Amino acid sequence: MKKYDAIVIGAGNGGLVAAIRILQKGKSVLVLEKHNAPGGFATSFKRGRFEFEASLHELNDFGPADNPGDVRTLFRELGVEDKIDWTYGTEAYRAISLDGKYDATVMLGKENYKKSLLRYCPGCEKYIDNFFDLSEEIRRAQAYTASVNGKTDKEYMKKNFPNFIRCGSYSVNEVFRSMGMPDKLRDIMNAYWCYLGAHCDDLSFIHYCSMVYRYVTKNAYMPKMRSHEISCALDERIRELGGEIWYNTPATGIVTDEKGEITGVRISDGTVIGTRKIVANCSPHVVYGQLMSPDAVPEAALKNANARKFAGRGFCMFLGLNKSPEELGITNHSYFIYDTLDSVKQYEMMKKIETNDCQATCCLNSVIPDCSPEGTTMLYFTTLYMSDDWAKVKPEDYVKTKNFVANRMIDVFEKATGAKIRDSIEEISVATPMTYARYCGHPEGTIYGYESQYWDGLMPRLQMMNEEVYVKGLRFAGGYSMRLSGYSSAYNSGDIVGRQTAGELVREDN
């Protein structure tokens, strides 16, 4: 059996990027994937005459070709930018609260974003300008940090990025309140919080403002043929560089020697494939609990994984409708419908099936009119559960509970938007936390990895990523790693881990 310099377990977003980065340094790579297609959540599926997007709402930090964001720049370096047909939207979101306080549509582009907010919050120019000034300083601080591989000069940081340092350990709400921002403006600007899965009393301001700033200034991009187009482009690039991908081949074990160093990966037929390095595009809970022998897992690794908190468990509904968006009364691309725009209260309500009416819903036709047959519409509904409440559902009650949540999602959408969709449903597919646990092997059906907490947010993870290599030769990519969850984050994590792994291989071979 051929040996490989590196084996990537899982062909999700982070794993695919990591494989390309290692191959670009001339090292051999094998990707093992238990499914029959690449991408993990980044895929599509067909029901009747509709091809549904499985998970991507929109990709941030991409930007136009002549003013690229970090993700487009990464795709350019990977050699996949031109393999994908891109488009973009101009609307950030429509945020609606069921308590009747808010119905606000916000646009993308710095000036359009500001004008949108001022329609609902007149006289708040200085707060919006201050937000952009601070966000730009944070962007520059992050670019500097990346340029020196995290080995920053303290005096340089204090001189050039003082506000970055001041807000580094504070939450979204703490920073906005310290700026004197009015509650209404803060609530509307906080609407993106569900994309990161932690409420704004816990969520790092640096993390949140970085995401918002990149959405607003670089627009929201999408591949015309769903996220599966990205996954297939990455697969193609791996093969062009001489890498291998084995589908329908689950990894069943990680093999280490008496020193605890990586020596191979066992697959389902019992074969052990030799390797020096492993990039795991899956949960540390799965790796340490299922793939490794207990005596090969350092105690510190277990403590680290068990100290972390699982983020939102996913529930998604996909509707194919036999009328056009205009006929249905659907006027927006991205809807955030909350019980309340108070993220802390909403988060608590999302712990229980009975109290969660939150949804992030997209109409892809608003950006890609021909994504479904003429005269039809596709809608994607997503909510998160901030506890393992679905584990309490008895097997005999599963279908009833799934239908209860799906029906309520439709009712809430119709009530909040005025659109009439129920009588036009041609195709419907529903995924619960159980679906995601089965499909991707994620504990409790979480689709957001580990939650961003005060001690475990973006900056602490980036600062500690080298210290968290507990098993020599084993690193993690994807939603459970240092960049947290989300498409852009997963691609960036694969970039970081791939370059680190390639660097280690080059040094060892020299």
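The values are calculated or read from the model by the stated rules, or taken from the named source; none is laboratory data. All of these numbers come straight from a predicted model, not from anything done at the bench. Virtual Cβ from ideal backbone geometry, glycine too; neighbours counted across all protein chains shown.
Among the residues of region 476-493, is there at least one that is among the aliphatic types (A, V, I, L, M), within 27 Å of T382 (Cβ to Cβ) and free of Cβ contacts under 8 Å to residues at least 40 places away in the same chain?
Here is the first cut: in region 476-493, the residues among the aliphatic types (A, V, I, L, M) are 477, 482, 484, 490.
Now narrow it down to the ones that are within 27 Å of T382 (Cβ to Cβ): 477, 482, 484, 490.
Then keep just the ones that are free of Cβ contacts under 8 Å to residues at least 40 places away in the same chain; that gives 482.
Yes, region 476-493 contains at least one residue that is among the aliphatic types (A, V, I, L, M), within 27 Å of T382 (Cβ to Cβ) and free of Cβ contacts under 8 Å to residues at least 40 places away in the same chain.
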key: Pick from region 407-424, criterion buried (at least 18 other Cβ atoms within 10 Å of the Cβ) and among the small types (G, A, S), ranking: nearest to T383 (Cα to Cα)   = A416
key: When residues of region 445-470 are limited to those that are touching a helix residue (DSSP H, G or I) at 6+ places or on another chain (Cβ under 7 Å) and surrounded by fewer than 22 Cβ atoms within 10 Å (Cβ to Cβ), the one modelled with the highest pLDDT   = Y470
ask   = Regarding K114, is this residue of a type in the set (D, E, K, R) and at pLDDT below 95?
value = no
remark   = By residue number, the members of region 218-242 that are among the hydroxyl-bearing types (S, T, Y) and assigned to a helix (DSSP H, G or I) are S227, S231
task = Could you identify the single residue in F62, F50, F45 that is hydrophobic (A, V, I, L, M, F, W, C) and crowded, with 24+ Cβ neighbours inside 10 Å?
result = F62
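Of a type in the set (G, A, S), touching a residue at least 40 places away in the same chain (Cβ under 8 Å), more than 22 Å from G479 (Cβ to Cβ) and buried (at least 18 other Cβ atoms within 10 Å of the Cβ): which single residue out of S283, S372 fits that description? Talk me through it step by step, then tell me what you get.
Details: S283 fails: more than 22 Å from G479 (Cβ to Cβ).
On inspection, the qualifying residue turns out to be S372.
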inquiry  = Tell me whether region 384-406 contains one or more residues that are in contact with a Cys (Cβ under 7 Å, 6 or more places away or on another chain) and buried (at least 20 other Cβ atoms within 10 Å of the Cβ).
reply    = yes
task = Taking only region 100-124 into account, find how many residues are without any contact (Cβ under 8 Å) to a residue 60 or more places away in the chain, assigned to a helix (DSSP H, G or I) and more than 26 Å from N67 (Cα to Cα).
result = 2
Filtered residues of region 115-126 (kept if closer than 21 Å to G63 by Cβ and buried (at least 18 other Cβ atoms within 10 Å of the Cβ)) = S116
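Output the residues belonging to region 172-194 that are closer than 20 Å to L462 by Cβ and surrounded by fewer than 21 Cβ atoms within 10 Å (Cβ to Cβ). Break it down into steps so the answer makes sense when it comes.
Start the filter on region 172-194 by keeping residues that are closer than 20 Å to L462 by Cβ, which leaves 172, 175.
Within region 172-194, no residue meets the criteria.
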inquiry  = Yes or no: region 189-206 includes at least one residue that is in contact with a helix residue (DSSP H, G or I) (Cβ under 9 Å, 6 or more places away or on another chain), part of a strand (DSSP E or B), touching a residue at least 12 places away in the same chain (Cβ under 8 Å) and hydrophobic (A, V, I, L, M, F, W, C).
reply    = no
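Counting only residues that are outside any strand (DSSP E or B), under 24 Å from S171 (Cα atoms) and not aliphatic (A, V, I, L, M), how many does region 317-355 have?
Going residue by residue through region 317-355, those that are outside any strand (DSSP E or B) are 322-333, 339-355.
Okay, now just the ones that are also under 24 Å from S171 (Cα atoms), so 339-351.
Now narrow it down to the ones that are not aliphatic (A, V, I, L, M): 339-340, 342-343, 345-348, 351.
Residues flagged as outside any strand (DSSP E or B), under 24 Å from S171 (Cα atoms) and not aliphatic (A, V, I, L, M) within region 317-355 amount to 9.
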request  = Could you list all residues from region 445-497 that are in a loop (DSSP other than H, G, I, E, B) and farther than 18 Å from R308 by Cα?
outcome  = V471, K472, G473
ask   = Which ones in region 203-238 are modelled with pLDDT under 95, among the hydroxyl-bearing types (S, T, Y) and surrounded by fewer than 23 Cβ atoms within 10 Å (Cβ to Cβ)?
value = S210
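Out of all the residues in region 424-436, is one or more at pLDDT below 95, in contact with a strand residue (DSSP E or B) (Cβ under 8 Å, 6 or more places away or on another chain) and part of a helix (DSSP H, G or I)?
no
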inquiry  = I'm checking my understanding of the structure. Among residues of region 1-30 that are under 12 Å from R237 (Cβ atoms) and not aliphatic (A, V, I, L, M), which one is nearest to the chain's Cα centre (by Cα)?
reply    = R21
task = Determine whether region 72-88 contains at least one residue that is free of Cβ contacts under 8 Å to residues at least 40 places away in the same chain and β-branched (V, I, T).
result = yes
task = Mind listing whichever residues of region 127-163 are surrounded by 13 or more Cβ atoms within 10 Å (Cβ to Cβ) and among the aliphatic types (A, V, I, L, M)?
result = I128, L134, I138, A141, A146, M157
query = Do we find that Y439 is in a helix (DSSP H, G or I), assigned by TED's automatic domain parsing to the domain that holds E326, of a type in the set (F, W, Y) and under 20 Å from the mean Cα position of the chain (by Cα) in this structure?
reply = yes
key: Subset of region 2-61 [part of a loop (DSSP other than H, G, I, E, B), at positive phi and touching a helix residue (DSSP H, G or I) at 6+ places or on another chain (Cβ under 7 Å)]   = G40, D61
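With the structure loaded, tell me whether G15 is under 22 Å from F476 (Cα atoms), small (G, A, S), buried (at least 24 other Cβ atoms within 10 Å of the Cβ) and touching a strand residue (DSSP E or B) at 6+ places or on another chain (Cβ under 6 Å) or whether it fails that test. Explain how you work it out, then say what you get.
Numbers: under 22 Å from F476 (Cα atoms): yes; small (G, A, S): yes; buried (at least 24 other Cβ atoms within 10 Å of the Cβ): yes; touching a strand residue (DSSP E or B) at 6+ places or on another chain (Cβ under 6 Å): yes.
For G15, the condition - under 22 Å from F476 (Cα atoms), small (G, A, S), buried (at least 24 other Cβ atoms within 10 Å of the Cβ) and touching a strand residue (DSSP E or B) at 6+ places or on another chain (Cβ under 6 Å) - is met.
Can you find even one residue in region 498-505 that is β-branched (V, I, T), in a loop (DSSP other than H, G, I, E, B) and farther than 21 Å from I230 by Cα? Don't jump to the end; show me each part of the working.
So the first thing to find is which residues in region 498-505 are β-branched (V, I, T), and the list is 501.
With in a loop (DSSP other than H, G, I, E, B) added as a condition, the list becomes none.
Checking region 498-505: not a single residue is β-branched (V, I, T), in a loop (DSSP other than H, G, I, E, B) and farther than 21 Å from I230 by Cα.
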